[in-house]
Amino acid sequence: MKEKDRRSKNASVTAAKGRGAEARGGRREPLQRPAKGVGRGKGGPPPKAKPEKAPRLPAQEAAPARVLTLRSGEKPAETVPLILETATAAGYRLIDSGNGEKLEQYGPYRIVRPEAQALWPKTLSAAVWDEADAIFTGDTDEDGMGRWRFPREVLGETWPMQLLDTDFLGRFTSFRHVGVFPEQLAHWSWMRDHISAAGRPLKILNLFGYTGVASLIAAKAGAEITHVDASKKAIGWARENQALARAEKLPIRWICDDAMKFIQREERRGSRYDIILTDPPKFGRGPNGEVWQLFEHLPAMLDTCREILSPQACGLVLTAYSIRASFYSIHELLRETMRGRGGRVESGELIIREGGLDGLSPGRALSTSLFSRWVPK
């Protein structure tokens, strides 16, 4: 589907986490730098501060195996299917899609990228598509590398973006991704609403946090954030975004670590979180060579996440991209994981709605990823 397997084979992930490997948090490959040129919208220098980092461990040291047993108690109630839609938003819109491609507006730029889910014909003319500022060419596989073509003028590697009143940098990467996954606006808006209504500072864990947009949105809303990603590059991008958002003083811990090892340490320490966001890739490697396989390690990851949820937790959110599975698979897994905790598990798909050139002409819905979310009520 969250394009998403956006992580490459060398992407960093947890042991035991690129949206595949390159895409969501901890899963990215080196950038393919655009050719030198006009370079509109270049980002500032990366902040000097270094990310918090766990002690180095022997290469490929695996996280301890977790023995799973069937939990007691009733399974949570369920809502299926739930379709969470992202339509035109300030700073982003899906203009058109079709014939295996999508045309999107990211801030000042119109961008064309491959999209296997777009099975229908394009609505807009070829002339509109040909006027895009950037077109991704090359391998159309989710993990395939390629290059960006700039039909109008050569652009810089980064450009300023804003979503939910949070500034960050869009970025042309060699794996077609641009540093943000707009379908996640549905989860980010839900999270921000809970933070605002809580009446207390919520503690949020963002696993496989990628470029930090979700962490910045949550911190600006008043939460205390722990952001974990196995990729040093992704942590560096997140710190650049923090500087651009003028959020250096907000309570965010940037941690470069293997996600599974980190949450297992948090469980031993007795740490607790009110909201956990987790967006693991299908496949990835941690900073010390740890291997992550979604179908093999996801049950243990969710089981550990349950243990570090606070008694007053607001939710546990799982997103899954580019996997050959129904949302019912992760739905039933999360219901079994949350047995005896009450609440409700809501699962389905994240979609983006076409908005046309003006953003006011609702069109077809493009499915991007599966999700499952536990909430206490």
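The values are calculated or read from the model by the stated rules, or taken from the named source; none is laboratory data. On a predicted model such as this, the values are computed, not experimentally measured, just so you know. Cβ coordinates were reconstructed from backbone atoms using ideal geometry, including for glycine residues, and neighbour counts include every protein chain displayed.
The C-beta contact set for segment 74-96 (first residue within 15 Å of Ile352 (Cβ to Cβ), second residue surrounded by 14 or more Cβ atoms within 10 Å (Cβ to Cβ) and of a type in the set (Ser, Thr, Tyr), distance under 7 angstrom, 6+ apart or interchain) comprises Tyr92/Tyr106; Asp96/Thr123. Listed by position, the helices (runs of 4 or more DSSP H) inside segment 202-279 whose residues that are touching a Pro at 6+ places or on another chain (Cβ under 7 Å) and closer than 16 Å to His187 by Cα number at least 1 are 213-220. Among residues that are at pLDDT 95 or above, surrounded by 24 or more Cβ atoms within 10 Å (Cβ to Cβ), part of a helix (DSSP H, G or I) and not polar (S, T, N, Q), Leu185 is included.
The strands (runs of 3 or more DSSP E) located wholly in segment 287-377 include none with 3 or more residues which are over 20 Å from the mean Cα position of the chain (by Cα) and crowded, with 17+ Cβ neighbours inside 10 Å. Within segment 136-147, the presence of at least one residue that is out of contact with any Gly (no Cβ under 9 Å at 6 or more places or on another chain), part of a loop (DSSP other than H, G, I, E, B), surrounded by fewer than 20 Cβ atoms within 10 Å (Cβ to Cβ) and at pLDDT below 95 is confirmed.
Whenever a residue of segment 263-274 is under 14 Å from Leu207 (Cα atoms) and β-branched (Val, Ile, Thr), its partners that are outside any loop (DSSP other than H, G, I, E, B) and at pLDDT 95 or above, lying with C-beta atoms within less than 6 angstrom and at least six residues away or across chains, give the pairs Ile263/Thr304. Taking segment 255-286 as the range and being of a type in the set (Gly, Ala, Ser) and surrounded by 23 or more Cβ atoms within 10 Å (Cβ to Cβ) as the test, the residues that pass are Ala259, Gly284, Gly286. If you filter segment 164-179 down to residues that are crowded, with 22+ Cβ neighbours inside 10 Å and out of contact with any Asp or Glu (no Cβ under 7 Å at 6 or more places or on another chain), you find that the one that is nearest to Thr278 (Cα to Cα) is Gly179.
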